[in-house]
Amino acid sequence: MSTTPRPTAIPGPVLVIGCGLVGTSVALALTRAGATVHLRDVLPQNARTAEMLGAGTLATPATVALAVVAVPPDYVAEVVADTLDEWPDAVVTDVASVKHPPLQALSDAGTPGLERYVGSHPMAGSERSGPTAASETLFEGRAWAVTPHATASPEAVELVRELGRTTGATLVEMPTDEHDFAVARVSHLPQVMSVLTAARLHGGPADHLALAGQGLRDVTRIAASDPGLWRQILHANRLPLVELLRDVRDDLDELLDGIERTHVIEEVLDRGVSGTRLIPGKHGEEAAPQLAVVFVQVPDRPGELGRLFRDTGESGVNIEDLRIDHDLGRPVGIAEIAVRPERAEDLTSALTERGWTTYV
Ligand SMILES: NC(=O)c1ccc[n+]([C@@H]2O[C@H](COP(=O)([O-])OP(=O)(O)OC[C@H]3O[C@@H](n4cnc5c(N)ncnc54)[C@H](O)[C@@H]3O)[C@@H](O)[C@H]2O)c1
Ligand SMILES: O=C(O)C(=O)C[C@]1(C(=O)O)C=C[C@@H](O)C=C1
């Protein structure tokens, strides 16, 4: 949900280099918070599209307080070095998904001005690429990693923190190598598992694929992401990723060897359930609370969803999450309203009283 942005404290113009999904989303969020944003891309049409979307201006800036490098990982070190050189007063950050390799390359090259560079990484994105997939609210309530290095100036670190805060994200600070181990587990391994699952659909007869439901769609959404970008991410972070893939290979062996014994299957399934409970909830709560889901039949008519939201609001029960599915072959949808378990009963009775068909 979009919140009213607070004005940014970034003390001058921002230059966004790379106007794809992430760069344009950053630029839109900064513009919305009152920053003057300049746009640049190796593909002029992407910068033009970002400008048309209201993300900033194509005019060359006279000065730059902060440059945000939002290009694919293979080009980050080179573009950061060029930007430090071109704008000697600017702080420079990048938003790439892997943080240690570019820092190492910049440091090995003895890059002048390295104290003005602080890497960062917003933990939000999409399976879509390019400026037309951008959104000014993409980072709201999401984690934004800031990865200072030993020689970074405190002023540079603070400016990059302010960038994350301006987009509505929650800051998480850690060294680059720790960051890369963390994202191998929470982002890169999930990407590989999604891809492997989607790839196994090849060869499935059409009438088998016709049975695909929401479970498959949930697991494979990110498999549709740009392979060119992910080749770079996975290659750059291959060392931590390989460790996790070996663990997954052990899990597969355990399942293959034990598939005849139900307790082995049960153990694997239980580890999955407890794993999902370790994922932090919204607003950075320690772990996602277990939620109860109230299912509500929604007639397929204009205005019905609005009526459901109004009735839910009047019940005083907060919606923690929401999904809407279509009941195949019937003129109704099913709204799945996730609420705190202790409020499920209140919501069910409030909605039933107002004429809704519900089940838990
Ligand atoms: N896609 C995601 O979900 C996601 C989320 C967080 C961070 N990231 C990181 O953000 C960065 C950008 O990813 P994206 O998803 O926005 O990709 P994208 O393909 O949507 O956009 C990349 C943009 O960079 C431009 N570009 C490429 N080389 C350039 C150069 N040398 N100079 C200037 N512009 C150049 C491209 O023309 C394109 O417009 C990547 O480093 C990625 O790892 C991606
Ligand atoms: O597609 C999404 O929903 C994402 O958020 C993508 C996602 C992620 O794994 O969380 C993917 C890579 C990035 O570096 C950051 C975000």
- [ ] Note down the magnitude of the dipole of the chain about its Cα centre, charges +1 on Lys and Arg C-beta and -1 on Asp and Glu C-beta and zero elsewhere, to the nearest 20 debye.
- [x] 940
Task: Over the range 181-276, relative contact order from alpha-carbon pairs under 8 Å, at least 6 apart, % - done: 34
Task: Positive-pole candidate from Ala33, Asn318, Val273, dipole of the chain, charges at beta carbon - done: Ala33
Task: Size of charge dipole - the range 181-276 - debye, nearest 20, with Cβ of Lys, Arg +1 and Asp, Glu -1, no other charges - done: 560
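Read-outs throughout are calculated quantities, based only on the coordinates presented, and are distinct from any laboratory measurement. Because the structure is predicted, anything quoted here is derived from the model rather than measured. FYI the Cβ positions are ideal-geometry reconstructions off the backbone, even for glycines, and counts take in every protein chain you see.
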